[in-house]
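Asker: One structure, pasted below without further comment.
The values are calculated or read from the model by the stated rules, or taken from the named source; none is laboratory data. What you see is a predicted model; the values in this text were computed from it and never measured. No Cβ is skipped: glycine too gets one built from the backbone with ideal geometry, and neighbour counts run over all protein chains shown. These area figures cover heavy atoms from the full protein model, side chains too; ligands, DNA and RNA do not enter into them. Shrake-Rupley method; radii C 1.70, N 1.55, O 1.52, S 1.80 Å.
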Amino acid sequence: MIALGLEGSANKLGIGLIRHDMSTTPPTVTILSNVRHTYHPPPGEGFLPKDTAQHHRAHILELIRNALDEAKITPKDISVICFTKGPGMGGPLTSVATVARTLALMWNKELVGVNHCVGHIEMGRQITGAQNPVVLYVSGGNTQVIAYAEKRYRIFGEALDIAVGNCLDRFARVLNLPNDPAPGYNIEQLAKKGTKLIDLPYTVKGMDVSFSGVLSYIEANAKAWLASGEYTAADMCFSLQETVFAMLVETTERAMAHIGSREVLIVGGVGCNMRLQEMMGQMAEQREGGMVYATDERFCIDNGIMIAQAGMLAYQTGYTTPLDKTWCTQRFRTDEVFAAWRE
Amino acid sequence: MIPDVQLIKQGAEARVYLGPFCQRQAIIKERFAKAYRHPTLDKKLTSRRVIQEARCLYRCQKALIDTPTVYLVDLDQSVIYMEYIPGISVRDYLVTEPGQEAEAQHRVAVAIGKALGAMHNIDVIHGDLTTSNLLMRETSGAVVLIDFGLSYVSQLIEDKAVDLYVLERAFVSTHPNTEVMFAQILEAYGESSKASKQILKKLEDVRLRGRKRSMLG
Ligand SMILES: Nc1ncnc2c1ncn2[C@@H]1O[C@H](COP(=O)(O)OP(=O)(O)OP(=O)(O)O)[C@@H](O)[C@H]1O
Ligand SMILES: [Mg+2]
């Protein structure tokens, strides 16, 4: 069985094709293609829904063609078309869902609407082989500490205000760092040159975190620090990362201790930050049997394959999304999904 | 560290040992250095939390709220010696003994609600309310509040409401199908605390904020 996955909930447009060979148990999973095109607004600006949707509309057909060519298959080989139902930005989501619907009608295929967050989790589990980890899901729009129980991915902790990726991106804009390849990536590179740790607000409430305090503090002082030479831009990136990542690792560890779990899986775009992965590894080393799983940029950053993978798992349990239910939703909590495919 | 101690748990931040202290069994809670944290940040957080924990435990003790008695605080080593509470956590009670009688669960819920009400009454915000941080005494079944590392003193209704919200979320995620029990906790809380009506009203706002939070992928 082959699934086509279409993702465009934010500024990344991703198309993926995945094969599940059902003649083995468990099925043998092969990634046939995983292509992506990213919308980069100019430095100092964030991506707006209208421009992002326009970007997706402009590139999606060419990208689907590339994915099919790379996989060396034709539409008739596809069993199911999976698309992101939410959460995300309305315009971009809808622009991609429209294409999913059209293809399904043209090629006479079933549709499966996928929760973006569940897509990240299932892709991470597939790539790393983590069985039942605590999941830290960190991206531009989400910050959640998740664990599976009784057919649902349950949210143990989350950001009470803005997402960690949003916090990093907004600070990158203050420093006027380029949005290419990603603002967070550029912060990570600059942080390597930082030496001084600035005393920043650190806000943890049980398994929840809050980033607006640290962001507004560093935003308010950045200009003065640069002017006086007290701290460099690199020091600020370094300090911001050290502080917010410590908050994330701490709450993840708290969830592990509370649930009694030894494995952590990091997913989402911020999850490809090597410093975050390193810190998580150091935390796990200090816990008996602790283990960290993470993936690289291909699977961490939003992509079409993860939507194909999660959609395929649901499809194999007999789940499809009827045409009149293929609308998109900007808010779609991870724990709303009934994970029928999980034990 | 100290001889004759036995590690009983490694929590989020601390190693918790059982060992002798002045001829009795005591809990020895040691906050060890976290390799993942920048040393400066680590020292700041650790010493702040040892102090906060000892302070808030003492504040509760004075108000006769059931919490472990603090025996000794060793700031240099970041260790607190405190009373050992024989029993199990509410988490283990709910996870390992499913299908308890509704009446037994109700008693536990009322005890939790009262304890939280009393704690908020003296303006202690726990900061990390989960079912792991609520113990049940083996002897009496009384509910004991522990783990005050993230606690602080505040009169703000908002802070108290968020404290309850943190517990609610921990309840919902850790113990599916315990909505009834949580409602009983809030009911008991509402009856035992002075400003509780206002706090419960605020809790509704906090919940709504949670649901409205935008979740862009
Ligand atoms: N006074 C006590 N009596 C009996 N058992 C205790 C006591 N204090 C702690 N414990 C046990 O040890 C576990 C961990 O302790 P505690 O919650 O204080 O540490 P922690 O979770 O590491 O702290 P923090 O969240 O501040 O990092 C508790 O869940 C409980 O099982
Ligand atoms: Mg604890």
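Asker: Tell me, what is the 1.4 Å probe accessible area of A:Tyr185, in Å² to the nearest 10?
Answerer: Spelled out: A:Tyr185, probe radius 1.4 Å, area about 110 Å².
Asker: With 5 Å bins from zero, work out the P(r) of the range A:132-298 over every alpha carbon pair and list the percent per bin.
Answerer: 2, 9, 19, 22, 20, 14, 8, 4, 2, 1, 0, 0
Asker: If a cysteine in the protein assembly as shown has no other Cys Cβ under 4.7 Å from its own Cβ, put it on the list, ordered by number.
Answerer: So, A:Cys82, A:Cys117, A:Cys167, A:Cys237, A:Cys328, B:Cys22, B:Cys56, B:Cys60.
Asker: Taking the Cα centroid of the range A:180-203 and of the range A:286-302, what is the distance between the two, rounded to the nearest whole Å?
Answerer: Each part's Cα centre sits 20 Å from the other's.
Asker: Where nothing but the Cβ of Lys and Arg (+1) and of Asp and Glu (-1) is charged, how large is the charge dipole of the protein assembly as shown around its Cα centre, in debye to the nearest 20?
Answerer: My answer is approximately 720 debye.
Asker: Where the convex hull is taken over the Cα atoms of chain B, what is its projected area averaged over directions, in nm²?
Answerer: 13.9 nm²
Asker: Among A:Ser239, A:Ser228, A:Ser139, which one shows the highest mean-square fluctuation when chain A is modelled as a Gaussian network with alpha-carbon springs under 10 Å?
Answerer: Judging by the Gaussian network model, the answer is A:Ser228.
Asker: For chain B, what relative contact order do you get, as a whole percent, if you take Cα pairs closer than 8 Å and at least 6 residues apart?
Answerer: RCO, chain B: 18 percent.
Asker: Mind checking which of A:Arg152, A:Arg287, A:Arg57 has the largest fluctuation in a GNM of chain A, springs on alpha carbons under 10 Å?
Answerer: So, out of A:Arg152, A:Arg287, A:Arg57, the one fluctuating most is A:Arg287.
Asker: Next up: Within straight cross-link reach of B:Lys202, meaning Cα distance under 12 Å, which aspartates and glutamates are found once same-chain residues fewer than 8 apart are removed?
Answerer: Those aspartates and glutamates meeting the cut-off are B:Glu158, B:Asp159, B:Asp163.
Asker: Additional query: Write down the percent of antiparallel bridges among all DSSP beta bridges whose residues are both part of the range A:132-298, to the nearest 5.
Answerer: 55 percent
Asker: Continuing with the same structure: Could you state how much accessible area A:Arg331 has, in square angstrom rounded to the nearest 10, with a 1.4 Å probe and all protein chains kept in place?
Answerer: Estimated to the nearest 10 Å², A:Arg331 gives 130 Å².
Asker: Running a GNM on chain A with Cα contacts under 10 Å, which residue among A:Asn176, A:Asn221, A:Asn115 ends up with the highest mean-square fluctuation?
Answerer: A:Asn221
Asker: Using heavy-atom solvent-accessible surface (probe 1.4 Å) with all chains present, what is the largest-first order of B:Lys9, B:Lys160, A:Lys193, A:Lys151?
Answerer: Per-residue accessible area, sorted high to low, gives A:Lys193, B:Lys9, A:Lys151, B:Lys160.
Asker: Sticking with this structure for a sec: Can you give me the Cα centroid spacing of the range B:188-205 and the range B:8-25 in angstrom?
Answerer: Between the Cα centre of the range B:188-205 and that of the range B:8-25, the gap is 35 Å.
Asker: Moving on. Per DSSP H run of n ≥ 4, the term is -39500 (n - 2.57); total these for the protein assembly as shown, divide by its residue number, and report the mean residue ellipticity at 222 nm rounded to 500 deg cm²/dmol.
Answerer: It comes out at -14500 deg cm²/dmol, rounded to the nearest 500.
Asker: Something else: For the protein assembly as shown, give the share of DSSP beta bridges that are antiparallel, in percent and rounded to the nearest 5; count only bridges with both residues there. Write down the numbers at each step before the final one.
Answerer: Working: 57 of 76 bridges.
Approximately 75 percent, going by the DSSP bridge assignments.
Asker: Could you run the Debye sum over the Cα atoms of chain A, one equal point scatterer each and no solvent, and tell me log10 of I(q)/I(0) at q = 0.10, 0.13, 0.14, 0.15 Å⁻¹, two decimals?
Answerer: Scattering profile of chain A, log10 relative to I(0): -0.58, -0.97, -1.10, -1.24.
Asker: Still on this structure: Rounded to the nearest 10 degrees, what's the angle between the helix A:212-228 long axis and the longest principal axis of chain A, both from Cα atoms, 0 to 90?
Answerer: 50 degrees
Asker: Could you tell me the accessible area of A:Lys196 in Å² (1.4 Å probe, neighbours in place), rounded to the nearest ten?
Answerer: Only protein atoms counted, so the area is about 100 Å².
Asker: Run the numbers on the range A:204-282 and let me know its relative contact order in percent, using alpha-carbon pairs under 8 Å that are six or more apart.
Answerer: Details: 32 pairs, mean separation 27.0, N = 79.
Dividing the mean separation by the residue count of the range A:204-282 yields 34 percent.
Asker: Using alpha-carbon pairs under 8 Å, 6+ residues apart, how would you state the relative contact order of the range B:6-83 in percent?
Answerer: The value is 27 percent.
Asker: In addition: Please state the charge dipole magnitude for the range A:229-279, taken about the Cα centre, from unit charges on C-beta atoms (+1 on K and R, -1 on D and E), reported in debye and rounded to the nearest 20.
Answerer: So the dipole magnitude of the range A:229-279 works out to roughly 220 debye.
Asker: Is the shape of the range B:6-83 best called rounded, prolate or oblate, per the rule: a/c under 1.5 gives rounded, else a/b larger than b/c gives prolate, else oblate, with a ≥ b ≥ c the square roots of the Cα gyration tensor eigenvalues?
Answerer: Oblate is the answer for the range B:6-83, as a/c is 1.5 or above yet b/c matches or exceeds a/b.
Asker: Another question about this same structure. Compare the Cα positions of B:Ala33, B:Asn133, B:Val73 along the charge dipole of chain B (+1 at Cβ of Lys, Arg; -1 at Cβ of Asp, Glu; about the Cα centre) and return the one farthest towards the positive end.
Answerer: B:Ala33
Asker: With r defined as the distance between the Cβ atoms of B:Ile88 and A:Lys325 and R0 fixed at 56 Å, what FRET efficiency is calculated, to the nearest 0.05?
Answerer: 0.80
Asker: For chain B, take the longest principal axis of its alpha carbons; what is the angle in degrees between that and the long axis of helix B:102-121, to the nearest 10 within 0 to 90?
Answerer: Approximately 70 degrees, to the nearest 10.
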